[in-house]
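The values are calculated or read from the model by the stated rules, or taken from the named source; none is laboratory data. What you are looking at is a predicted structure, and each value in this text was computed from that prediction instead of being measured. Here Cβ is always computed from backbone atoms with ideal geometry, including for glycine, and neighbour counts include all displayed protein chains.
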Amino acid sequence: MLSHRNTPYPTMLKNRPNAIIMGGSLGGLNAAFFLRDAGFAVTVLERSRTPLAGQGAGIVLNPYTVRYLLDIPALDIADISIRSQLLRYIDQSGQIVAERPSPLRFASYNSIYAGLQTLLGTQNYHLNQRVTGFDQRGDCVRVHTAQGLQMTCDLLVCADGIGSDARRWLLGNTTAQYAGYIAWRGLISAADVPADTFDLLQDSIVYHITPNGHLLTYPIPVVEDSLADRERYVNWLWYRNVAAGADFANIMTDQNGVQRALSVPSGAVRADAIAQLKADATTLPDILSELITQTDQPFIQAVFDYEIPQMAFGRICILGDAAFSARPHTAAGTAKAAEDARQLGLALHDCADIPTALKLWEAKQLSLGASLVERNRVAGTMLQNGTWPIGAPLAFGLYEQGDSQMT
Ligand SMILES: Cc1cc2nc3c(=O)[nH]c(=O)nc-3n(C[C@H](O)[C@H](O)[C@H](O)COP(=O)(O)OP(=O)(O)OC[C@H]3O[C@@H](n4cnc5c(N)ncnc54)[C@H](O)[C@@H]3O)c2cc1C
């Protein structure tokens, strides 16, 4: 049972250790499962009042992202994702100038989140619980939330994302560094895309490289829908350079005049910014211009780099984007969050002493995170300055290029 302010900090320790997980997105949910399998009682505290929706955006799957769900097996991958076989590059006239086999699967964030959250159930997953602080004393960590919850645990896992409060509390002011570009993103129903365009886009991931940015599209199913063609969507991302300072502040200012730090969600982007996007899109190949101009509510995610120097702090650890925020060009952010969680479960399974297990885990995950950030930095720089070789295989992969492939 959860307890509330003015009651003493309860301990949940009975026969087995307990873990609190701060943040209930894909990193936090995976941590819950892998720790449960390692013998922990788990409680996930998520600040959002409603189930997360990830703005309905698509993700390129990596086998590590869905490993828990597939191993159980709790789902058939074909039910939540669309497969494509080809990587295509198109030029300014919309012609395919390079094509190579590239077996990938695409899904919506929502379908992965919903699959994991449903499997965990609501008893261990608490929405509307924003962690406002924690402290570590002796053999336990005390955690409290803005909603008045107070708990103790044997292990606190911080999976609170790129803007991590936990990271600030543990390490001081450690903000992620803006990479100099943003992703404009949108989704458009296949029904609203001309048939010729959809034919070219549906069985492939399509890239268009410009001298100062790049654009990609891939198909996704929407979670509630069956996979009939009319219910497919095209997910597009246009990575555009925006100078740090006034230009960045302007694009990140929403329709209420509030400057957002990381993203401007669908429905909150200023009308004048969308109008400018659509005007600029007319310079793109027709096929891409059509997608963007016909998208109702495009949204913005800024791109950052962050590398944490330490992930284990006694009985507290930090994982996923909170620890390493890699640019998205290896399509492995969710896979890294899930793999941090899986490795944590393995380390704790093999070692009874929590601080020792966290230190062993940290050594491996620091190395994985640093290499992922660097691979993304290299790929992102080339994709944004026009030096990416047309026709080259994508940088997708967690441990190495190519491990995103799924048939
Ligand atoms: C443009 C773009 C494209 C991307 N494409 C892909 C892709 O194709 N494939 C892929 O694998 N990855 C992709 N990613 C990366 C992916 O979205 C992230 O790596 C992933 O979501 C990280 O998961 P996480 O659980 O660590 O953090 P998040 O998903 O950010 O979750 C953090 C959670 O913590 C909660 N939280 C924060 N503070 C508190 C608090 N104080 N108390 C309680 N809860 C709190 C938040 O509400 C949130 O739910 C992309 C990212 C971007 C920007």
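Scan region 20-47 for residues that are touching a helix residue (DSSP H, G or I) at 6+ places or on another chain (Cβ under 8 Å) and either within 7 Å of the ligand (Cβ to nearest atom) or part of a loop (DSSP other than H, G, I, E, B) (or both) and jot them down. Can you show your working first?
Applying the first criterion (touching a helix residue (DSSP H, G or I) at 6+ places or on another chain (Cβ under 8 Å)) to region 20-47 yields 21-35, 37-40, 42, 44, 46.
Residues satisfying the conditions are M22, G23, G24, S25, L26, G27, G28, A38, G39, F40, E46.
Out of the helices (runs of 4 or more DSSP H) lying entirely within region 253-362, which hold 3 or more residues that are without any contact (Cβ under 8 Å) to a residue 12 or more places away in the chain? I'd like the intermediate steps shown before the answer.
Numbers: elements: 271-281, 286-293, 333-350.
Answer list for region 253-362: 271-281.
Every residue in region 188-218 that is more than 13 Å from Q92 (Cα to Cα) and in a loop (DSSP other than H, G, I, E, B), please.
V193, P194, D203, N212
Taking the residues in region 304-330 that are within 13 Å of the ligand (Cβ to nearest atom) and either surrounded by fewer than 24 Cβ atoms within 10 Å (Cβ to Cβ) or assigned by TED's automatic domain parsing to the domain that holds V60 (or both) as candidates, determine which candidate is farthest from W236 (Cα to Cα). Before you say what the answer is, go through the steps one by one.
First pass over region 304-330, keeping only residues within 13 Å of the ligand (Cβ to nearest atom): 304-306, 308, 311, 317-330.
So of that shortlist, the ones also either surrounded by fewer than 24 Cβ atoms within 10 Å (Cβ to Cβ) or assigned by TED's automatic domain parsing to the domain that holds V60 (or both) come out as 304-306, 308, 328.
On the way: F304: 19, D305: 22, Y306: 25, I308: 30, P328: 13 Å.
Residue satisfying both the conditions and the ranking: I308.
For region 48-80, name all the residues that are over 23 Å from R327 (Cα atoms), surrounded by 13 or more Cβ atoms within 10 Å (Cβ to Cβ) and within 12 Å of the ligand (Cβ to nearest atom). Spell out how you get there, then give the answer.
Going through region 48-80, the residues over 23 Å from R327 (Cα atoms) turn out to be 48-51, 68-80.
From what's left, surrounded by 13 or more Cβ atoms within 10 Å (Cβ to Cβ): 48, 51, 68-70, 74-75, 77, 79-80.
S48, P51, listed by residue number.
Quick check, is T381 surrounded by fewer than 20 Cβ atoms within 10 Å (Cβ to Cβ) and free of Cβ contacts under 8 Å to residues at least 12 places away in the same chain? Walk me through it before giving the result.
Values: surrounded by fewer than 20 Cβ atoms within 10 Å (Cβ to Cβ): yes; free of Cβ contacts under 8 Å to residues at least 12 places away in the same chain: yes.
Yes, satisfied.
Sort out which residues of region 159-202 are among the charged types (D, E, K, R) and either loosely packed, with under 15 Cβ neighbours inside 10 Å or free of Cβ contacts under 8 Å to residues at least 12 places away in the same chain (or both), and write them in order of number.
Of all residues in region 159-202, those among the charged types (D, E, K, R) come to 160, 165, 167-168, 185, 192, 196, 199.
Correct list: R168, D192, D196, D199.
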